[in-house]
Amino acid sequence: MLSWSSTTEGHPADLGAIARGEGDAGLAHGRELVAFAEAVAGFDDETLVEARRRLVDASGEAFMVDAAAVAANFEMMTRVADGTGARFPDDTDGRRAELDATLGITGFTSAR
């Protein structure tokens, strides 16, 4: 969704840079946002507190709250999709394979 929404907004995100943890990926507050997303997905509370503080300092509290809501929504959507057995349409296979390779996620246990 990030690739599509950022392209629609006229500022395409560099998903490869996000996957590699390099730079700001072409996003406003990108470094802080990527660090926050990684901390949200992690298990270290201190890292999360620091990433949250840095994102708020860079972008403001409302931006951080929006980022947290997006992260929570993605977690929820993934669980709902997995629970219902939902799958991507076959006609998206090529685009998804390219994106999966860019993000380096083909080796995840949950890859389908």
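If you scan the range 88-110, which residues turn out to be closer than 24 Å to Ala25 by Cα, at pLDDT below 80 and loosely packed, with under 11 Cβ neighbours inside 10 Å? Scanning the range 88-110 gives Thr106, Gly107, Phe108. Collect the residues in the range 82-109 that are of a type in the set (Val, Ile, Thr) and part of a helix (DSSP H, G or I), keeping them in residue-number order. Across the range 82-109, the qualifying residues are Thr84, Thr92, Thr102. Step by step: first the residues of the range 25-57, then only those that are of a type in the set (Gly, Ala, Ser) and assigned to a loop (DSSP other than H, G, I, E, B), then the one that is farthest from Ser5 (Cα to Cα). Which residue is that? Among those that are of a type in the set (Gly, Ala, Ser) and assigned to a loop (DSSP other than H, G, I, E, B), it is Gly42. If we scan the range 58-68, do we find a residue that is of a type in the set (Ser, Thr, Tyr), more than 27 Å from Thr106 (Cβ to Cβ) and either assigned to a helix (DSSP H, G or I) or out of contact with any Gly (no Cβ under 6 Å at 6 or more places or on another chain) (or both)? Within the range 58-68, one or more residues are of a type in the set (Ser, Thr, Tyr), more than 27 Å from Thr106 (Cβ to Cβ) and either assigned to a helix (DSSP H, G or I) or out of contact with any Gly (no Cβ under 6 Å at 6 or more places or on another chain) (or both).
Screening the range 20-66 for residues that are among the aliphatic types (A, V, I, L, M) and surrounded by fewer than 16 Cβ atoms within 10 Å (Cβ to Cβ) and picking the one that is nearest to Asp100 (Cα to Cα) gives Ala41.
Tell me, please, whether a residue that is under 15 Å from the mean Cα position of the chain (by Cα), without any contact (Cβ under 8 Å) to a residue 24 or more places away in the chain and exposed (fewer than 14 other Cβ atoms within 10 Å of the Cβ) can be found in the range 9-19. No, every residue in the range 9-19 fails to be under 15 Å from the mean Cα position of the chain (by Cα), without any contact (Cβ under 8 Å) to a residue 24 or more places away in the chain and exposed (fewer than 14 other Cβ atoms within 10 Å of the Cβ). What about Arg79, is it without any contact (Cβ under 8 Å) to a residue 40 or more places away in the chain, charged (D, E, K, R), closer than 21 Å to Ile105 by Cα and assigned to a helix (DSSP H, G or I)? So Arg79 fits the description; yes.
The values are calculated or read from the model by the stated rules, or taken from the named source; none is laboratory data. No experiment lies behind these values; they were computed from the predicted model shown. A quick note on method: Cβ atoms are made from the backbone with ideal geometry, for glycine too, and the neighbour counts reach across all protein chains shown.
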